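Each reported figure results from applying straightforward, stated rules to the coordinates on display, with no laboratory input. Computed from a predicted model, the values in this text were never measured in an experiment. Using ideal geometry, Cβ is built from the backbone for each residue, glycine included, and neighbour counts are taken over all protein chains shown.
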Amino acid sequence: MGLFLAAAGASASEIEPRLYASTPVGQNYLIAGYTYTQGGVGFSPALSLANGDIKIHSTFLSYVRSLDILGRSSKFAVVIPEASLSGQADIDGKPTNRVTSGIGDPGVKLTVNLYGAPALPPEEFEFYRQDTIVGASLAVTTPGGRYNPKELVNLGNNRWSFKPDIGISKRWGDFTTELSAGVTLFTDNTDYLQGKLLQQAPIYSFQGHVIYNFAPEFWCSFDANYYFGGRTVTNHAPDDNLQRNWRVGGSLEFAANRQNTLKFYGYMGVHARTGNSYDNIGVAWEYQWGGGL
């Protein structure tokens with residue numbers, strides 16, 4: 001199943017295959033994972049980076065519940081990230097070194113399939129075969145991560161973000177193709193660099209996936225993501241950090257048994273206007289129960 005694996009749940013750079021895949025109603029998922037990230041990356045999309053060499057070791061713990069909302073297959077997820085960050089970069093023209101660790105911004109996400117994926121109990125779901133699914137989601141990131149207003153790079157962003165998204169998934173034999181579009185909206189950070197006001201324009205994002213299904217619980221995917229916008233304004237002065245970023249990569253997921261699943265993934269930046277291009281690899285373990293298991 002899909003899960004938003006970025007440190008911030010509403011991140012515009014997230015890449016999430018099978019976000020709108022249907023699941024039986026009443027199932028629970030406990031997911032734990034690890035991601036290693038390296039490159040010109042900070043946890044804030046407000047920054048313009050150059051010569052970045054930042055390393056992030058991050059873990060996350062998530063709970064997901066499959067739901068019936070007005071007869072449609074749906075999911076609710078909550079994720080709590082933790083990370084250790086170290087490295088250096090020229091950030092907004094200033095050479096900066098940073099070492100920190102702690103909790104990142106927690107996030108929640110609600111996904112509802114609007115067409116093609118009715119809410120089904122497990123005994124009926126085994127006869128379900130996907131054709132076309134249209135779904136929508138809303139991810140919310142809370143300002144709960146570790147934040148120091150004296151530092152440029154932080155694990156938390158000291159603000160809320162909201163990402164509505166809509167997507168379509170189409171099954172073609174053993175292949176599934178997916179396209180989705182979203183926009184990330186930000187509240188203001190009123191304590192940026194010791195009391196400055198940071199405002200940010202929306203970031204618009206698109207992602208696409210081609211998935212090959214070896215078996216019902218064994219698949220791999222090629223994934224791509226493009227996002228743009230997000231120019232910031234600091235104390236009412238516009239910053240030169242408009243984003244136009246491309247990322248590509250892939251995922252592999254397989255079930256060890258009825259209750260345990262492993263997922264491996266890796267992504268790389270292929271273009272970034274403001275120097276915040278980065279690569280990451282990761283693994284996630286999923287344990288599921290309920291819903292007839």
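Could you check segment 267-293 and list, in sequence order, the residues that are over 23 Å from PHE228 (Cβ atoms) and either free of Cβ contacts under 8 Å to residues at least 24 places away in the same chain or not hydrophobic (A, V, I, L, M, F, W, C) (or both)?
Initial filter on segment 267-293 (over 23 Å from PHE228 (Cβ atoms)): 281-293.
If the condition is that a residue be over 23 Å from PHE228 (Cβ atoms) and either free of Cβ contacts under 8 Å to residues at least 24 places away in the same chain or not hydrophobic (A, V, I, L, M, F, W, C) (or both), then GLY282, GLU286, TYR287, GLN288, GLY290, GLY291, GLY292 are the ones that fit.
Could you tell me which of the residues LEU179, LEU155, LEU185, LEU138 is in contact with an Asp or Glu (Cβ under 9 Å, 6 or more places away or on another chain), assigned to a strand (DSSP E or B) and either surrounded by 15 or more Cβ atoms within 10 Å (Cβ to Cβ) or not hydroxyl-bearing (Ser, Thr, Tyr) (or both)? If you could, list the steps in order and put the result at the bottom.
Values: LEU179 fails: in contact with an Asp or Glu (Cβ under 9 Å, 6 or more places away or on another chain); LEU155 fails: assigned to a strand (DSSP E or B); LEU185 fails: in contact with an Asp or Glu (Cβ under 9 Å, 6 or more places away or on another chain).
It is LEU138.
Hey, can you tell me all the residues within segment 109-148 that are more than 28 Å from ILE203 (Cβ to Cβ) and among the aliphatic types (A, V, I, L, M)?
ALA119, LEU120
Among the residues of segment 90-135, which ones are basic (Lys, Arg) and assigned to a strand (DSSP E or B)? Outline the logic, then answer.
Within segment 90-135, the subset basic (Lys, Arg) is 94, 98, 109, 129.
If the condition is that a residue be basic (Lys, Arg) and assigned to a strand (DSSP E or B), then LYS94, ARG98, LYS109 are the ones that fit.
Under 7 Å by Cβ, and 6 or more places apart or on different chains, what pairs join a residue from segment 207-233 that is without any contact (Cβ under 8 Å) to a residue 60 or more places away in the chain and among the polar types (S, T, N, Q) with one that is surrounded by fewer than 18 Cβ atoms within 10 Å (Cβ to Cβ) and not in a strand (DSSP E or B)?
Partner pairs satisfying both residue conditions: ASN213/ASP174.
Quickly run through segment 188-223 and pick out the residues that are over 19 Å from LEU242 (Cβ atoms) and among the hydroxyl-bearing types (Ser, Thr, Tyr).
Residues satisfying the conditions are THR190, TYR212, SER221.
Among the residues of segment 149-157, is there at least one that is within 21 Å of PRO202 (Cα to Cα) and β-branched (Val, Ile, Thr)? Talk me through it step by step, then tell me what you get.
Just the residues of segment 149-157 that are within 21 Å of PRO202 (Cα to Cα), to begin with: 152-157.
Now drop any that are not β-branched (Val, Ile, Thr), which leaves 153.
Checking segment 149-157: at least one residue is within 21 Å of PRO202 (Cα to Cα) and β-branched (Val, Ile, Thr).
For LEU242, indicate whether it is among the aliphatic types (A, V, I, L, M) and farther than 17 Å from VAL283 by Cα. Break it down into steps so the answer makes sense when it comes.
Values: among the aliphatic types (A, V, I, L, M): yes; farther than 17 Å from VAL283 by Cα: yes.
So LEU242 passes the test.
How many residues are out of contact with any Gly (no Cβ under 7 Å at 6 or more places or on another chain) and surrounded by 14 or more Cβ atoms within 10 Å (Cβ to Cβ) when one looks only at segment 215-226? Walk me through it before giving the result.
Here is the first cut: in segment 215-226, the residues out of contact with any Gly (no Cβ under 7 Å at 6 or more places or on another chain) are 215-219, 225-226.
Adding the requirement that they be surrounded by 14 or more Cβ atoms within 10 Å (Cβ to Cβ) leaves 217, 219, 225-226.
Looking only at that region, the number is 4.
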